[in-house]
Each structure stands twice: as C-alpha cells, then as structure tokens.
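Peer 1: Could you have a look at this structure, given as structure tokens, before my questions?
What follows is calculated from the coordinates using simple rules that are stated; it is not laboratory data. Note that the structure is a prediction, hence the values are computed from the model and not measured. Note that we place each Cβ from the backbone using ideal geometry, even for glycine, and neighbour counts take in every protein chain shown.
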Amino acid sequence: MNSNLTFLGLGVMGGYMAANLARSDYSTSNYPTIAWNRTPDRPGVKIAADAGAKVVSSIREAVESADIIFSCLGDVPDVEAVMLGAEGVAEYAKPGTLIVDFTTIGPNAAQEISGELKKHKLRFLDAPVSGGDIGAKNGTLTIMLGGEQTDFEECKPLLEILGKTIRLCGPVGSGQAVKLCN
C-alpha cells in the first residue's frame, strides 16, 4: 500500500493513534503521516510529532494530497465542521479520498456526513473505537466499522497498527450502531 496518510484530531486518543502510524513500517520518508489539530498546543500534537508525524497548520495542507484521511474528533459538531465546514476536508480533499472517522457520533450522523461527503466524491467509513487512551497508546483498540467492503480492505493494514479487534459491521452507520451496544 502506497498512500499518503493524514490524521486529523490529535487529542487524548488521536495523538497516540497518529504516533503509532508515524512509527510504523508503513510511514516512511516517502509516505510520512501528516497530522493536524485545531489547537496546536495540545499534548497529543507533541506526541505525534515526536513519533515522526509531520504536523501541519491547516486542514488544506493536511488533506490536499491525502489518499486516506483518519480523524478522531470530539463530537458531531466537530466532525461536521472539520469535514463539511468552510476550509474543511470536503473543500480540499481530492476526489476518491477515503475518510475513516473514529469519532463516536451515532449512526444517523455518520450516514448524513457520509452522504454529504459523497457529493464531493469522497468515500467514508465510520469507525468508532473502544479501548480508551491506553488502547490508543498500545495499539490495542477495538474498531467497529461501517461502510463498503472494498474501502475496509484498502485501509485494513493501517487499522491493524491501531487495533487488535477490527470488524466491518455493515453499511455506513453500522460501526456506530455496534458501538452504542458496546
């Protein structure tokens, strides 16, 4: 797999997740992990940068050459703003980019956001996680995904860097539904 990878959201979980990707065999000098956080002075930004992620200052810079975008944000309004808002992912990501969102946002929000991203020819997997910051740090998260099988297969090697139990649960929104039952 040779894809440019971006990670958006370097909070309690995202900083460790981006760090694990940056330290992995996948992330080389040719394909570094690019990372962005709305608030640059968060501890997760330093964690990701210290692991080798290239931290950038704008969503545009983070996503315009990305093939795969991972995001781990706070809640539905954060995901909507980062993905669909002015200066957001939908504005700058190239058509065909795969977006994998680890934020717990619920099935309806995942389906709505996916639908809006589709209008921009962007692909989407909802992928809420379980395991907390310890699981994020140790790369032992449980990842429950909703979306297309081909998209899941494309990013599965990267997901295996982040988690130990990884399941495609059905169409978009299914990962969120399973997480609600968890």
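Peer 1: Does the range 5-181 come out rounded, prolate or oblate, given a ≥ b ≥ c as the square roots of the eigenvalues of its C-alpha gyration tensor, rounded meaning a/c under 1.5 and, failing that, prolate meaning a/b above b/c?
Peer 2: rounded
Peer 1: Scan around Phe124 for amide H atoms under 5 Å from its own, H built in the peptide plane at 1.01 Å from N, and keep only partners 5 or more places away or cross-chain.
Peer 2: Ile99
Peer 1: Picking from Ala66, Ala51, Ala110, which is most flexible by a Gaussian network model of the chain using Cα springs under 10 Å?
Peer 2: Ala51
Peer 1: In addition: Given a Förster distance of 35 angstrom, what is the FRET efficiency for Arg167 paired with Asp41, based on the Cβ-Cβ distance and rounded to 0.05?
Peer 2: Plugging the Cβ-Cβ distance into 1/(1 + (r/R0)^6) gives 0.50.
Peer 1: For the pairs Lys94/Lys118; Lys121/Lys156; Lys54/Lys179; Lys137/Lys164; Lys94/Lys121, note any where the Cα-Cα span goes beyond 19 Å.
Peer 2: Over 19 Å apart, Cα to Cα: Lys121/Lys156; Lys54/Lys179.
Peer 1: With θ set to phi - 60°, apply the Karplus curve 6.51 cos²θ - 1.76 cosθ + 1.60 along the range 31-37 and write out the HN-Hα couplings as whole Hz, x wherever there is a Gly or Pro.
Peer 2: Computed from phi, the couplings for the range 31-37 are 10, x, 6, 8, 9, 9, 9 Hz.
Peer 1: Taking H as built 1.01 Å from N, whose amide H comes closer than 5 Å to the amide H of Leu145, not counting residues under 5 places away?
Peer 2: Arg167, Leu168, Cys169
Peer 1: Okay, next question. Measuring from centroid to centroid over Cα atoms, what is the spacing of the range 40-94 and the range 112-135 in Å?
Peer 2: Computed from Cα coordinates, the inter-centre distance equals 13 Å.
Peer 1: Given +1 on the Cβ of Lys and Arg, -1 on the Cβ of Asp and Glu, and no further charges, what dipole in debye does the range 58-102 carry about its Cα centre, rounded to the nearest 20?
Peer 2: 140
Peer 1: Can you compute 3J(HN,Hα) from phi for each residue in the range 148-154, using the Karplus curve 6.51 cos²θ - 1.76 cosθ + 1.60 with θ = phi - 60°, rounded to whole Hz and x for Gly and Pro?
Peer 2: 7, 4, 5, 5, 4, 4, 4
Peer 1: At 7 Å along Cα-to-Cβ for each site, give me the label-to-label distance between Asp75 and Glu61 in nm.
Peer 2: Taking the two extended label points, one gets 3.0 nm.
Peer 1: I'd like the Karplus ³J(HN,Hα) series for the range 76-92: coefficients 6.51, -1.76, 1.60, θ = phi - 60°, whole numbers in Hz, and an x wherever there's a Gly or Pro.
Peer 2: Running phi through 6.51 cos²θ - 1.76 cosθ + 1.60 with θ = phi - 60° gives 4, x, 5, 5, 4, 5, 5, 7, 10, x, 4, 6, x, 4, 4, 6, 10 Hz.
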